[in-house]
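One structure is given below, encoded as structure tokens.
The values are calculated or read from the model by the stated rules, or taken from the named source; none is laboratory data. Keep in mind the model is a prediction, meaning the values are calculated, not measured. With ideal geometry, Cβ positions are generated from the backbone for all residues, glycine too; neighbour counts draw on all protein chains shown.
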């Protein structure tokens, strides 16, 4: 809904939200009401047939991304697809082919590339302030507990996909390179109710990586941490360090006998509100100015490959190599 | 222009910018162009005659506020007037009378009352977390050098008016009371070019105050500090302290052999962007829902009285008492 | 006892604690036991007669400083006297005369001049990093409630003396000048039990000052704040700001659903432990190398004069001028 | 020398430094002079023969630890041995056997266990504030470039041993368990001069670990980072996070047009000064009170095993399992 709200209410120039699609009737009704629009469809294909609609935002569950994105591309719509782009390499390739054939824009929802702090950090790193990059660490810890549909890792691709796709993209972005080999350790520490039926489910994961240009990457993901939405990144260079991210939700500190306390941000929607808006604006500009989005289908696929390799590494307890289109 | 941009581009619900007025022709042209509007007048009274215009934002130099606000009220327009509301008590009273007679809304541009951090701090203080308030310190240091029209304190009311009106309002807001007596010290430390012709000009001021309910207030103002736009507030209670404000412009820290460095925010427009938007939204809501703005004409007048008393204290080197409508 | 512990246990070179004096028998016994020494006197003059004792530390209640310091000087002992040096100008002058006549060293316990952070800040300011100094703010808020003997301001000189002597010295030190005129506001907010019998007692005070070289000073003091021992200083220059001090007692932050919390330092003994040690070491070095202490009797007297002027300002509700040896 | 200085000058109760040994004549001379002692030997065994010496501190290069510690134990001396305890399991076992047979105390120099912040963090974690521990991250980045004797990893065990032994111990300490399996990635990014002759040398390493009780560990090490001595730790629990460590060397921040800057600590000697002192004091107390040191020979051996397994993982590019006394 964050994209829908932006297009409906926050004045994204040259764009207007005309319709939403959702198979769940109640959600659809609430959505239309909140967004102040009259057109809601339970079947997204209906909208794809409307020639006056030029672009779509795909924010469905990840497992449906491939089908919807391919259909949208074939219908000639430009697409802003939420991360993860797809579930595996085959789906990613199908998307890339459809998009290329249709000649539409495909932007992947890696909104951190539009966040003012991340952009500033990227520019500092690129300017050489800390020398060549050696290691990028990126962490995303979320306060909310995993949804039950995530328990089956084979179907959901787990937190590596749902939570850490952003971190994977961040590492690639700061390092200007691809992942070569990953090793991951994971476990279920906070969801005992899932343990018996889904022994492979994990809510905490660390992944370390060799990158193709010799740099190092380290990613951590956690769900249900309660203390806040924690998205931090450290870029270690030859001669310096750049750190990005803070937990505090605002600039207020309360000092009492219990100590000095800041309240923390608890949702990515709050932390990245401006980034989402900038992302939505840039999507429209990319279409109108006919240029590539900052994060495109190849970036989406690259993240999917790391997710798959990471999940395999967790199960097989060995480093997994990404070569060409398949991890080994 | 920050209000104009909000109404023109940032989707303030139920409001639409239709025209701007500016006696300077080039500024007017640029303004219309940037805002994407066609109606620009050199004479604001022309717009006041248009019955389809329901509300105005007054962001002219402070010396013109009284004239414009009174004219706007008489024309039946609701008014959002930037701080300071006026130059003195007489002007303030003229405004209050005109607004009351016309039955229009008058909101004063104390946008800190709409800032998420300040609001959070206010709620914490009101909740009793730190006990009864004892002392409120509020500081505004600005990076930009004073404009030459500010040199003549008799005409401009100086930094106490242009910079610290916000701090005065903040102290009143957190203490839920009025100023009783103020003492101020000021000097010109950064504007040697003004020293000879305007010996009374100051670019640095500290003001301490007894408040009517016995609390204490301490305000500091500075212009041309270069290091950033520094707006911080400390509320000391019987048993705790709440601090508000930070200088860092984002969450990036660069760690090199030179130390660990954050870049600072350099403009109130960046620091209070969201607050201005919330202020503009609330102005419209106050009109539509027929309720009092958070900061109204009485708040505006109260700040003007402190400014005048502070300036007198600086010159006469003694504490100045505010009783009823006149300082002594 | 902090000095005694340093000399007894922390290996201050070329110095050895041989005796302590305290009229309270139990305290004396406990002191000797804790310090591992056998010589304790109820009457300090007994120790002054011992020619093998070369130096004394005076940490008695402020009202006794003058008598003890003068006696010590006459006995030819070098003296480290805790702040405040004395109760008024007459006592200060008596001390200065006795010390000069005896040719002994007198060091005043302004240990912030020996604190690594304050020294670093002083060097940065002196190096011109922020331009010429414009305003120094210094705050000391203490967690402990005032002792009953402080209630009678005429006898105790109040928090300005007991708490803010340090801040007064800090302002003088950073500005390299003396106070010219002070204005103070004070009140009793946390000690209702003292209100009736000691209507003049205050536990919260703000003092603003013109300094002789045109700089500005602002001091705040509070007792019983509960949230920690809060000693911070801000030096505002023409083109920058240096801030000193932090509340956090160590580098641990706990992030939970309640927020991110640091524990605060609760005693000056913890915050300035290293500074006290450095101060004690330098006292011995000043004696052995025959040089002036960093804070000497003239610094002590200067602070006493500000205290007296500030207390008079509170009562008479007007700015008080310090000229020569008497405030007006 | 940090231990020698503590025992010589900083008044460690019930201990006195009587002699130092160093085969390098000039270093020995300078050492004696600085420490104010007269007894310096080029041959440490000479001191071991002195029955009036009860305890020794072993701060020789790591490769000599085993020989010296074993000899010291056989001579009946209590031993404080700097980390790493030894080069491999065989050496570790030799040390453990000698110490056990001699009935002397062996304390390993994991001084972070004596650091006030680390101790506070440990207590918070143990108290359950953040729930059960899930993941401990520990990072040590040092500003100094590796010494040439470290280039040959086979002989030096590399940064994992010299730098990260502390982090390994920290993970074990916070998790109350041992390492089960480690995977490490390393590279040489800052020492091009070593590249050709020592292709295995690394100056940057990340190590991830499964712990025996199912918790996760992540360690990062770097040399020559220039920006400061950076020793931070994060303990992620089921429902919270505890962070330890800060870079700022003191509480001073300079705010100029270049931003807000803190100077960083550049040496472990500055960061852990108090911890070293506490460690030295506790060593003496353990001897006198006949109790086990906080970090004993088994802790030393456990860290050595992780170092060896990590170095093997780097070369063989696979996770290495630690079972019983040998990694696989």
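For the stretch A:125-143, the set of residues classified as crowded, with 22+ Cβ neighbours inside 10 Å and closer than 14 Å to residue A:176 by Cα consists of A:125, A:133, A:134, A:135, A:136, listed by residue number. Do we find a residue being over 22 Å from residue A:260 (Cα atoms), within 14 Å of chain D (Cβ to nearest Cβ) and in a loop (DSSP other than H, G, I, E, B) anywhere in the stretch C:280-287? No, every residue in the stretch C:280-287 fails to be over 22 Å from residue A:260 (Cα atoms), within 14 Å of chain D (Cβ to nearest Cβ) and in a loop (DSSP other than H, G, I, E, B).
Answer with yes or no whether residue B:60 is surrounded by 14 or more Cβ atoms within 10 Å (Cβ to Cβ) and free of Cβ contacts under 8 Å to residues at least 24 places away in the same chain.
Yes, satisfied.
Of the candidates B:247, B:236, B:241, the single residue that is closer than 30 Å to residue D:267 by Cα, out of contact with any helix residue (DSSP H, G or I) (no Cβ under 8 Å at 6 or more places or on another chain) and surrounded by 24 or more Cβ atoms within 10 Å (Cβ to Cβ) is B:247. When B:195, B:226 are checked against the criterion of being at pLDDT below 95 and farther than 30 Å from residue B:133 by Cα, B:195 stands alone in meeting it.
Rundown of residues vs (1) under 23 Å from residue C:278 (Cβ atoms); (2) crowded, with 18+ Cβ neighbours inside 10 Å; (3) in contact with a strand residue (DSSP E or B) (Cβ under 9 Å, 6 or more places away or on another chain), yes/no style:
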position: C:14; (1), (2), (3): yes, no, no
position: C:29; (1), (2), (3): no, no, yes
position: C:38; (1), (2), (3): no, no, yes
position: C:42; (1), (2), (3): no, no, yes
position: C:56; (1), (2), (3): yes, yes, yes
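Is it the case, given these coordinates, that residue A:276 is surrounded by 20 or more Cβ atoms within 10 Å (Cβ to Cβ), over 22 Å from residue A:125 (Cα atoms), at pLDDT 95 or above and more than 8 Å from every other protein chain (Cβ to nearest Cβ)?
Against the criterion (surrounded by 20 or more Cβ atoms within 10 Å (Cβ to Cβ), over 22 Å from residue A:125 (Cα atoms), at pLDDT 95 or above and more than 8 Å from every other protein chain (Cβ to nearest Cβ)), residue A:276 qualifies.
Out of contact with any helix residue (DSSP H, G or I) (no Cβ under 6 Å at 6 or more places or on another chain) and within 23 Å of residue A:139 (Cα to Cα) - does that describe any residue in the stretch D:178-185? The answer is yes, given that some residue of the stretch D:178-185 is out of contact with any helix residue (DSSP H, G or I) (no Cβ under 6 Å at 6 or more places or on another chain) and within 23 Å of residue A:139 (Cα to Cα). Selection of the stretch B:194-228 for residues being away from chain D (no Cβ under 14 Å), farther than 18 Å from residue C:208 by Cβ and in contact (Cβ under 8 Å) with a residue 40 or more places away in the chain yields B:194, B:197, B:198, B:200, B:201, B:223. The lone criterion from (1) touching a helix residue (DSSP H, G or I) at 6+ places or on another chain (Cβ under 7 Å); (2) within 14 Å of chain C (Cβ to nearest Cβ) left unmet by residue D:253 is number (1).
Which residues, counting only those in the stretch D:168-193, are under 23 Å from residue A:210 (Cα atoms) and touching a residue at least 60 places away in the same chain (Cβ under 8 Å)? The answer is D:168, D:179, D:180, D:181, D:182, D:183, D:184, D:185, D:186. Restricting attention to the stretch D:140-165, the residues that are within 18 Å of residue D:313 (Cβ to Cβ) and either at the interface with another protein chain (Cβ under 9 Å from one of its Cβ atoms) or under 16 Å from the mean Cα position of the chain (by Cα) (or both) total 10. Counting only residues that are touching a residue at least 40 places away in the same chain (Cβ under 8 Å), closer than 14 Å to residue B:256 by Cα and part of a loop (DSSP other than H, G, I, E, B), the stretch A:113-130 holds 2 of them.
Criterion applied to C:168, C:130 was being within 12 Å of chain B (Cβ to nearest Cβ) and in contact with a strand residue (DSSP E or B) (Cβ under 7 Å, 6 or more places away or on another chain), and the one residue passing it is C:130.
Only a single item in (1) out of contact with any strand residue (DSSP E or B) (no Cβ under 7 Å at 6 or more places or on another chain); (2) buried (at least 20 other Cβ atoms within 10 Å of the Cβ); (3) outside any helix (DSSP H, G or I) is not met by residue B:290, and it is number (2).
Check the stretch C:171-185 and report whether any residue there is crowded, with 19+ Cβ neighbours inside 10 Å, farther than 19 Å from residue B:216 by Cα, away from every other protein chain (no Cβ under 13 Å) and modelled with pLDDT under 95. Scanning the stretch C:171-185, I find no residue that is crowded, with 19+ Cβ neighbours inside 10 Å, farther than 19 Å from residue B:216 by Cα, away from every other protein chain (no Cβ under 13 Å) and modelled with pLDDT under 95, so the answer is no.
Quick check: is even one residue across the stretch B:293-311 more than 11 Å from chain A (Cβ to nearest Cβ), free of Cβ contacts under 8 Å to residues at least 60 places away in the same chain and part of a helix (DSSP H, G or I)? No, the stretch B:293-311 contains no residue that is more than 11 Å from chain A (Cβ to nearest Cβ), free of Cβ contacts under 8 Å to residues at least 60 places away in the same chain and part of a helix (DSSP H, G or I). Scanning the stretch A:229-279 for residues that are in contact (Cβ under 8 Å) with a residue 40 or more places away in the chain, assigned to a loop (DSSP other than H, G, I, E, B) and over 20 Å from the mean Cα position of the chain (by Cα) yields a total of 3.
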